[in-house]
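The values are calculated or read from the model by the stated rules, or taken from the named source; none is laboratory data. Since the structure is predicted, the reported quantities are computational estimates derived from the model, not experimental observations. Neighbour counts run over all protein chains shown; Cβ positions are idealised from the backbone, glycine included. Please note that ligands, DNA and RNA were not included when accessible areas were found on the heavy atoms of the full protein model with its side chains. Shrake-Rupley method; radii C 1.70, N 1.55, O 1.52, S 1.80 Å.
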Amino acid sequence: MRLHGRIYLHSLAVLIVACVATAITFAFGTRGAMMQDVAERTVRHLASLAGDVIGDPDALSERIRRMHDDLDIDVTVRGVDGRVMAIAGRSLPSLSRDDVERVRAGAVMLHRRPSWYAAVAVRQPGSAAIVGVLQASMPHRFGPAHIVGPALTVALILVVVALVTVPTARRISRPLERLTEAARRLGGGDLSTRVPAPGATRACWRWRDRRRTDELGELTRAFNEMADRVERLVRGQRELLANVSHELRSPLTRIRVALELLPSDPATESRRRGLEVELSDLERLIEDILTTARLDEAGLPTRLDALDARSVLTDVAERARHDPLVEGKAIRVIEGPPVPLSADGALLRRAVWNVVENAAKYGAPPITLDAKRVGDRVALSVSDEGPGIPAAERERVFTPFYRGERARTPDGTRGVGLGLTLARRVAEVHGGSIAVEAASVADGIERGCRVVITLPVDHFTA
């Protein structure tokens, strides 16, 4: 349940408990005292009316009947000897000797068990002589008619409280929801994410938020300060890496020129080819770093072209057949109809090439390339029959410079860990994604590795 929902329900629960406690206190405290006072006043008045006709049995019976009809109470008049002189409604129990003595002393007797009733002395008009005792009881009637009114009142109160509590709960929880969303975006790589001050979107509250020093305000400021430091740190690292890589291009070019100018010598030819391969690896690494930095900075592809995904795979396969690292390994492209899409051709070929190069280094042939349309997206896949990537590492392999335990070439050397990082950035700037999965599953056992780059057919409308 969302935070504002918990706050809302908690507020309602507190209100209901407060209402119930107040009702109980009123019912057993103030209301009881008030009802006792009303009962005493009422029976004294009824005793006065009965005393006016106490000497006429017919008139007494008529008056008692009218009391019963008008006030909806049960009335019994007894003589001083306890005999019934008149009765209207249900008959009330006789008084004990002690109760009679207390009534004669002028007290009003209130009985709550076994049934509620009040008793008071009836005095003869014009004198203080006690000529009888009047007992009165109000029947307890509790049914739907008595519930509808209070129930509607309680429902109305709850509706009003709900309407007032919902905005309050939302106002309390909204800053935390914004912080949660900002934390997700920051963790996802959007380093420019910041959280506005709580309530800052409403002009009427801005003057209050300027001096807001509560926990939510402090938490928001601390998050924004942390995001500023993280962004400066990461940006500084990217700029340093890009600058160093750029500066390395010139000496590498001079070294390559110097190697080409060296005289051919069969004795050193193998060493020379090894140096050329190492230089090529360094140049690819530098190019990957620079391309990744440019994509991180711009966040958009340089240009978008109308491409055929299958043709892109064919171009990459053709290049692989002449690359020293990949040549000699079986690479095939699944035949099929053209798969059109809109993308930066150079970047897409670079991303696919990095995946193919990884498959050639750490996987096993045959390497299979395929492209197909899936709804409004195009999926380009590169599969191999190697040991594959463990499920626990399939997300981490896209982290810059991450190298798993299986990331070793047959000669034991390990890669740099930027090829799949660049492929992911290329996919992301096109509005797509990249994922690693098993190439096949047989009897519950995963075999091989498949890397799938998924891009929207038209980046402009994705």
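At 1.4 Å probe size, with every protein chain present, just tell me what the per residue accessible area of segment 305-397 comes to in Å².
Numbers: 4240 Å² over 93 residues.
Ligands and nucleic acids excluded, the result is 46 Å² per residue.
Residues in segment 321-346 near a label at residue 262, defined as backbone nitrogen under 13 Å from the 7 Å Cα→Cβ point?
none
Taking 7 Å along the Cα-to-C-beta vector as the label spot, tell me the residue 280-residue 372 distance in nanometres, rounded to one decimal.
For the pair residue 280/residue 372, the computed spacing is 3.3 nm.
Between residue 304 and residue 83, what length comes free when the chain is fully extended (0.36 nm per residue of separation minus the Cα-Cα distance, one decimal in nm)? It would help to have the intermediate numbers written out before the result.
Values: separation 221, 0.36 × 221 = 79.56 nm, distance 11.15 nm.
Roughly 68.4 nm would be gained on extension.
Could you list which residues have their amide H under 5 Å from that of residue 344, counting only those 5 or more apart in sequence or on another chain, with H placed in the peptide plane?
Under 5 Å from the amide H of residue 344: 305.
Along the Cα→Cβ direction, 7 angstrom out, place labels at residue 52 and residue 71. What is the inter-label distance in nm?
1.3
Taking 0.36 nm per residue of sequence separation and subtracting the Cα-Cα distance, how much length would be gained by fully extending the chain between residue 270 and residue 346, in nm to one decimal?
Working: separation 76, 0.36 × 76 = 27.36 nm, distance 3.24 nm.
Full extension of this stretch gives 24.1 nm more.
Once the piece of chain linking residue 152 and residue 91 is laid out straight, how much longer is it, given 0.36 nm per residue of separation minus the C-alpha distance between them? Walk me through the numbers on the way to the answer.
Numbers: separation 61, 0.36 × 61 = 21.96 nm, distance 3.63 nm.
Net length gain for the segment: 18.3 nm.
Using only Cα atoms, locate the centre of segment 66-144 and the centre of segment 162-192, then give the distance between them in Å, rounded to an integer.
68
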